[in-house]
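The values are calculated or read from the model by the stated rules, or taken from the named source; none is laboratory data. Computed from a predicted structure; not experimentally measured. Ideal geometry is used to build each Cβ from the backbone, glycine not excepted, and the neighbour counts take in all protein chains shown. With ligands, DNA and RNA removed, areas are computed over all heavy atoms of the protein, side chains included. Shrake-Rupley method; radii C 1.70, N 1.55, O 1.52, S 1.80 Å.
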Amino acid sequence: MNEKNSAKAGELSGKEAAPGDEADAVKAAEETADRAEARTDTTPADQADKGAAEVGPNSGGSEPTRDQADPADQADPADRADKTLVAMPPAPQQGSARPTADAASEPDEDQADAATGASEAPREPRDDGAASSTPPSDEQPEQPEEREEQPGEEGKQRSEADAPKSPEAPEASAKPDPVSAPAPVRGPDANPESAPAPAPDPPDPDPDPARKPPAPSWAARRESDSERTSEFVALKPDLPPPTSPRPVTTAPGPSSSGEKPGSGSGDPDRTREFAAPSRADNDRTMALTRPPAPSAAAPATSSGTGDAAGPPPPLDLLAQLTNTPPKAETVGRTVARRIKIWGTLVALLAVVLVAVQALRPLPTPTLKLTGKASHTADGGALSLPWPTEGQAVVDIDGLGRMGSYGEMKPLPIGSVAKVMTAYLILRDHPLKAGDKGPSIPVDQKAEDDYTNGVTEKESVVEVKAGQQISELEALQAVMLPSANNVARLLARWDASTEEAFIKKMNDTAKELGMTNTTYTDASGLIESTVSTAEDQVKLAKRAMTDPVFRQIAKLPSYQSTTTSGGSTVETARTQYNFNKLVPLNGVVGIKTGSTTKAGGNLLFAAETTVGDSKQLIIGAVFGQHKPNIIETAMAASKSLILAADKALRSETVVKKGEVVGQVDDGLGGTVPVVAAKDLIVPVWSGASVAIKLTDDGKALPHAANAGTEVGMLTVGSGAGEAKVPVTLKDDLSEPSFGAKLTRLG
């Protein structure tokens, strides 16, 4: 408190201050300055506590007159704007000079009446129920009246200064808003240093009580009802500006005729309300309070409200970041979102599928026969001069069977079995044309077989143990003069034993489909070696594919290196072929065979020219028992060879340019192919030949121009095969992009 406010209160009451109290007023001013210095050393909390003890909730007071205003205040109105008006409660009406804290914090009605009667300025209406929410007005009256100083004011102010501090006064650490804070009221005797200032550093929370100034002598005087007034103490707390000022309200002022606050009908005074913290006691101030800090937002939940369950969904998080609430979930939005998600996945899969299908390797094109698969020659069934007994078969190699005679049942075949022996030696020990092959040592068994064979009238060739005989000469001795002893020698040389070689003979017969054939001897002398004309024709076709075998089979004779050059057939240097048909009528072999039980047998082969091709006639005549049995077999064979040659003719099966097939690119695209030449095939009356379309071992292109050769049209096989190339009728192009995408294989 200061003396300035006491003088103001005296003027408002219309009386002059007592002359004897001037010394006390000067002393009070000095003590006020000391208290101001003490307040600078205290913490903001201590200042707030001290202000709470000195200030009341509904304290009223009068403004100083224009004549008594402090020149510093008139010169610096901005400084007054920075000060906050705090209502000071009046001292209770007691005899003691130091009222208690309860009396200081609770003004009674008598004091309020005295203050109201002494002040002519408008007052805030007092309402005990809402006193804390309605602070005094920050606006000052436009024309305050001059009043006389009352001596009782000084004692009242000292009593209020010595009142105990309220422990629950709010801290005033923030600086008030210079615009919204009310201007301070200063008297002429006030010391500028007595104004409170914000503490730069918080001091010891328990300040030294010895620094508290003593109470003035006039503070003990008892004030009358007319002397009691409310006073204003200028404070400048370091408070933050209010966050949002409340709207200006108009409240009726108190009556000057002694009515209680709130009961009069004074001029309305506009006030600005500031939020103030609630207190346990009835002490209220106009200090601005810092708004409570917002509590930390709780983590958002999946529903958007947030809790400890986890982060919010992306849509809610986006809504929080953009300050836009998420749209309400509806069936349409759910369907649209799923369509977007699945549509994106489907589109991605489609792109991958298109890329895979487009980059996959193209299938290899193939040729397909679309024309006729066989051709049947004109005329009826062919009639051939068949023998009257035994078995007979005539085939055109590669074209088919011309005819057969007799029941194909196993019978002894004699030396015809040597065809299998020669075939196996050349297969396992092949020879090149003009090469004699390895030398084979002659063992004692081969010499003994020669000696015994002469005695038994077997077909043998003279050999002696220790001699060397070439593979080629040994094969010639087996095929032409049909030497049994040399055939057994080759079997031992190839498989170490004759039994092992015989096993190979039977195994090979099964491989060739000779189902009615059984071998028990490499020479065929033993009558248990049996076969049929049909089976031996199968073997002859295979053996005639070997050029060395074919060369040996068509020889009329050869020169022996093991014979002594005697006058007998077995010892002669020149060894002749037993097949007397060679080389007449195109006969090129193959092998004769005869025994008493088997009769005369001949496995023959003859070459003939049909048109521009050379055809091979292969046949067999078995089981001829008419004497001379071997001559009878050869005669029957000759008749069949001549008849077959006469029956063969050329016939055009496919004409040039005829569509015979197509190229299939594997993805549904096809291009027709045509024969590049006339296909002329040897046929006979009523013959049926098969037609094949092949790529001739060459890979087909994915794209080619029309006329490009892409394969062969073939009739027959082996020696009787006839073929012509085929070409593209139209351009061959790669499959289209659509065909690549839609292919499944």
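Only one of these is within 24 Å of Leu411 (Cα to Cα), of a type in the set (Lys, Arg) and part of a loop (DSSP other than H, G, I, E, B): Lys597, Lys591. Name it.
Just a single option satisfies the conditions, and that option is Lys597.
Against the test of being modelled with pLDDT of 95 or more and open to solvent by 10 Å² or more (accessible area, probe 1.4 Å), the options Ala509, Ala500 yield a single qualifying residue, Ala500. Out of all the residues in the range 329-339, is one or more among the charged types (D, E, K, R), part of a loop (DSSP other than H, G, I, E, B) and at pLDDT below 90? There is at least one residue in the range 329-339 that is among the charged types (D, E, K, R), part of a loop (DSSP other than H, G, I, E, B) and at pLDDT below 90.
Does the range 570-592 contain any residue that is in contact (Cβ under 8 Å) with a residue 12 or more places away in the chain, over 20 Å from Leu472 (Cβ atoms), in contact with a Phe, Trp or Tyr (Cβ under 9 Å, 6 or more places away or on another chain) and surrounded by fewer than 20 Cβ atoms within 10 Å (Cβ to Cβ)? No, the range 570-592 contains no residue that is in contact (Cβ under 8 Å) with a residue 12 or more places away in the chain, over 20 Å from Leu472 (Cβ atoms), in contact with a Phe, Trp or Tyr (Cβ under 9 Å, 6 or more places away or on another chain) and surrounded by fewer than 20 Cβ atoms within 10 Å (Cβ to Cβ).
For the range 702-717, residues that are in contact with a Ser or Thr (Cβ under 7 Å, 6 or more places away or on another chain) and either surrounded by 15 or more Cβ atoms within 10 Å (Cβ to Cβ) or among the polar types (S, T, N, Q) (or both) total 5. In the set Ala543, Ala487, Ala495, only one residue is in contact (Cβ under 8 Å) with a residue 12 or more places away in the chain and touching a Phe, Trp or Tyr at 6+ places or on another chain (Cβ under 8 Å); that residue is Ala543. Considering Gly380, Gly437, Gly406, the condition of being over 60 Å from the mean Cα position of the chain (by Cα) and either exposed (fewer than 11 other Cβ atoms within 10 Å of the Cβ) or under 30 Å from Ala703 (Cα atoms) (or both) is satisfied by Gly380 alone. Just checking, does the range 560-569 include any residue being of a type in the set (A, V, I, L, M), in contact (Cβ under 8 Å) with a residue 12 or more places away in the chain and touching a Gly at 6+ places or on another chain (Cβ under 8 Å)? No, the range 560-569 has no match at all.
Exactly one residue among Asp428, Asp397 is modelled with pLDDT of 90 or more, open to solvent by less than 40 Å² (accessible area, probe 1.4 Å) and of a type outside the set (Val, Ile, Thr), and that residue is Asp397.
Here Tyr450 fulfils each of the conditions (1) over 30 Å from Asn484 (Cα atoms); (2) open to solvent by 20 Å² or more (accessible area, probe 1.4 Å); (3) not acidic (Asp, Glu) apart from (1). A Cβ distance below 9 Å, combined with a sequence gap of six or more or placement on separate chains, defines the contacts here; from the range 677-701, residues that are under 30 Å from Pro735 (Cβ atoms) reach residues that are open to solvent by 70 Å² or more (accessible area, probe 1.4 Å) and outside any loop (DSSP other than H, G, I, E, B) in the pairs Lys692/Lys723; Leu693/Lys368; Thr694/Lys723; Asp696/Glu709; Asp696/Lys723; Lys698/Glu709. Considering the range 348-426, the qualifying strands (runs of 3 or more DSSP E), each wholly inside and each with 1 or more residues that are touching a helix residue (DSSP H, G or I) at 6+ places or on another chain (Cβ under 7 Å) and over 30 Å from Arg488 (Cβ atoms), run over 391-396, 400-405. Being surrounded by 22 or more Cβ atoms within 10 Å (Cβ to Cβ), in a helix (DSSP H, G or I), in contact with a Leu (Cβ under 9 Å, 6 or more places away or on another chain) and acidic (Asp, Glu): is that true of Asp494 here? No, not satisfied.
Per-residue answers, yes or no, for (1) in contact with a helix residue (DSSP H, G or I) (Cβ under 6 Å, 6 or more places away or on another chain); (2) open to solvent by 20 Å² or more (accessible area, probe 1.4 Å); (3) more than 28 Å from Leu382 (Cβ to Cβ); (4) of a type in the set (Ser, Thr, Tyr):
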site: Leu640; (1), (2), (3), (4): no, no, no, no
site: Thr652; (1), (2), (3), (4): no, yes, no, yes
site: Gly669; (1), (2), (3), (4): no, yes, yes, no
site: Pro672; (1), (2), (3), (4): no, yes, yes, no
site: Val681; (1), (2), (3), (4): no, no, no, no
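Of the residues Asp535, Asp546, the single one that is buried (at least 16 other Cβ atoms within 10 Å of the Cβ), of a type in the set (Asp, Glu) and closer than 23 Å to Ile440 by Cα is Asp546.
Somewhere in the range 500-521, is a residue touching a Lys or Arg at 6+ places or on another chain (Cβ under 6 Å), over 17 Å from Ala620 (Cβ atoms) and either among the acidic types (Asp, Glu) or part of a loop (DSSP other than H, G, I, E, B) (or both)? No, there is no match, as no residue in the range 500-521 is touching a Lys or Arg at 6+ places or on another chain (Cβ under 6 Å), over 17 Å from Ala620 (Cβ atoms) and either among the acidic types (Asp, Glu) or part of a loop (DSSP other than H, G, I, E, B) (or both). In the range 482-491, the residue that is farthest from Gln575 (Cα to Cα) out of those that are in a helix (DSSP H, G or I) and out of contact with any Leu (no Cβ under 8 Å at 6 or more places or on another chain) is Ala491. Please verify whether Lys457 is at pLDDT 95 or above, surrounded by fewer than 24 Cβ atoms within 10 Å (Cβ to Cβ) and not in a helix (DSSP H, G or I), treating the condition exactly as stated. Answer is no for this residue. Here the condition is being of a type in the set (D, E, K, R), open to solvent by 60 Å² or more (accessible area, probe 1.4 Å) and on the phi > 0 side of the Ramachandran plot; of Asp731, Asp696, it holds for Asp696 alone.
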